[in-house]
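Asks: Before I ask anything, here is the structure I am working with.
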Amino acid sequence: MTMKVWINHNTKEISVKTAKNIRQKLEAAGFEFDKKNPDLAISVGGDGTFLSTFHEYTNRLSQMKFIGIHTGHLGFYADWRDNEVDELIEALKNYDGQTFEYPVLEADITYTDNTTKSFYALNEAIIKRPSKTMRADVYLDGEFFERFRGDGLSFSTPSGSTAYAKSIGGAVIHPKSRVMQVNEIAPINNRIYRSISAPIIVPSSQEVKIIPAEGSDYIVNYDTNSRTNCSVKLIKYRISKEVIQFAKLRDRHFWGRVEHAFLGTNDYK
Ligand code: NAP
């Protein structure tokens, strides 16, 4: 059966040009194009563009695969470079269907008017309160854990551990680990107020529930998406049963990418 492909790209000139080049080459090789129900989504841009591509297709994660091409530096999701297009096309022509998977996070919000919303995140989901101290009760695996006071809380996937979570003191976690990392953002800690003030790693079988004490001015983020002025009654975060599947066209070494991105001392293609 012919593979149905869709190419999503950002608006940078190099990304538009690269996407056009890939489309022409895939059409010539007999691939079909289907924006709504692709078997494979190719993202051209950066890791940010890849996150947008992921959010286009969260309703059919189990039915499709992803590839990311970076038109700048090498990325974590966008781990092909724009000068590797011919190699990528050849690999796709001979593709045997193998995949590798990364965990995805899911969250269910209940607003104070009892309406609900669920969403997925590939990097992280954040709840924060910009105007005043956020006060919230944190429940781990069904039991009360702490009363948090500070700016907010971040819940990240292993592949999101090299993004925002790393900037706020989180651990870098290999995406083969099916865990969720919880990080406090600017926690208040003194003789009166106490919270754990350390990253917490939660297994995929457990859920974290957050009940804010008050306020209608929360920001709820998931990857590149943001909802402002949210009146949140509670949010539950967990590692999803869904995963993102990448087309495995060659071997990639996660720690090599980490070294390349943050230390840059070794040669890494
Ligand atoms: P953005 O400008 O699209 O991304 C900010 C930077 O984060 C870009 O350099 C992006 O790489 C990089 N990035 C994205 N996912 C990554 C990952 N898994 N590992 C390592 N680096 C990654 O910002 P946005 O649209 O507001 O948010 C997208 C993501 O960026 C968020 O999910 C968050 O994790 C991250 N972010 C981080 C900070 C921070 O560290 N203080 C602040 C804002 C956002 P590319 O250049 O390849 O796109």
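Asks: Are there GluC sites (Glu not before Pro) in region 173-269 that DSSP marks as loop and that have at most 12 other Cβ atoms within 10 Å, and which are they?
Replies: Loop-located and lightly packed - 214.
Asks: Which trypsin sites (Lys or Arg not before Pro) does region 1-54 hold that lie in a coil by DSSP with at most 13 other beta carbons within 10 Å?
Replies: The qualifying sites are 35, 36.
Asks: Where q = 0.11, 0.12, 0.17 Å⁻¹, what log10 of I(q)/I(0) comes from the Debye formula for region 103-231, counting one point per Cα?
Replies: Reported log10 I(q)/I(0), two decimals: -0.35, -0.41, -0.87.
Asks: Something else about it: Which ordering of 67, 89 is given by a fewest-first count of other beta-carbon atoms within 10 Å?
Replies: 89, 67
Asks: Thinking of region 27-95 as a set of Cα atoms, what percent of all their pairs are more than 15 Å apart?
Replies: In whole percent, the share of Cα-Cα pairs in region 27-95 beyond 15 Å is 54.
Asks: Right, next: So if I average 1/r over every pair of distinct C-alpha atoms in region 170-227 and take the inverse, what Kirkwood radius in Å does that give?
Replies: Final number for the Kirkwood radius of region 170-227 is 14.1 Å.
Asks: Any number yet on Rg/Rh for the chain, C-alpha, Kirkwood?
Replies: Answer for the chain: 1.01.
Asks: Which trypsin sites (Lys or Arg not before Pro) in region 73-176 pass both tests, a DSSP loop state and at most 14 other beta-carbon atoms within 10 Å?
Replies: Here the sparse-neighbourhood loop sites are 132, 176.
Asks: Here's another thing I want to ask about it. May I ask for the Rg/Rh ratio of region 162-269, computed from Cα atoms with Rh as the Kirkwood radius, given to two decimals?
Replies: 1.02
Asks: Going down the list 36/248; 36/166; 35/248; 12/248; 35/128; 132/176, which pairs span over 30 Å between their C-alpha atoms?
Replies: Going by Cα-Cα distance, 36/166; 35/128; 132/176 fall outside the 30 Å limit.
Asks: If you line up the long axis of helix 13-28 against the longest principal axis of the chain, both from Cα atoms, how many degrees apart are they, to the nearest 10?
Replies: Relative to the chain, helix 13-28 is tipped by roughly 50 degrees.
Asks: Still on this structure: Among 137, 34, 79, 113, what is the fewest-to-most ranking by other Cβ atoms within 10 Å?
Replies: Least to most surrounded, the residues fall as 113, 34, 137, 79.
Asks: A follow-up question, please. Give me the extension gain from residue 174 to residue 117: residue separation times 0.36 nm, minus the current Cα-Cα distance, reported in nm with one decimal.
Replies: Using 0.36 nm per residue and subtracting the Cα-Cα distance, I get 17.6 nm.
Asks: If eta is 1.567 mPa s and T is 4 °C, what Stokes-Einstein diffusion coefficient results for region 1-157, Kirkwood Rh from Cα pairs, in µm²/s?
Replies: Here the translational diffusion coefficient equals 72 µm²/s.
Asks: Still on this structure: Ranked by Cβ crowding within 10 angstrom, fewest neighbours first, how are 253, 9 ordered?
Replies: 253, 9
No lab work stands behind these numbers, since they all come straight from the coordinates. It should be emphasised that the depicted structure is a prediction, and the values quoted were computed from it without experimental measurement. Quick reminder, even Gly has a Cβ in these numbers, built from the backbone with ideal geometry, and neighbours come from all protein chains shown.
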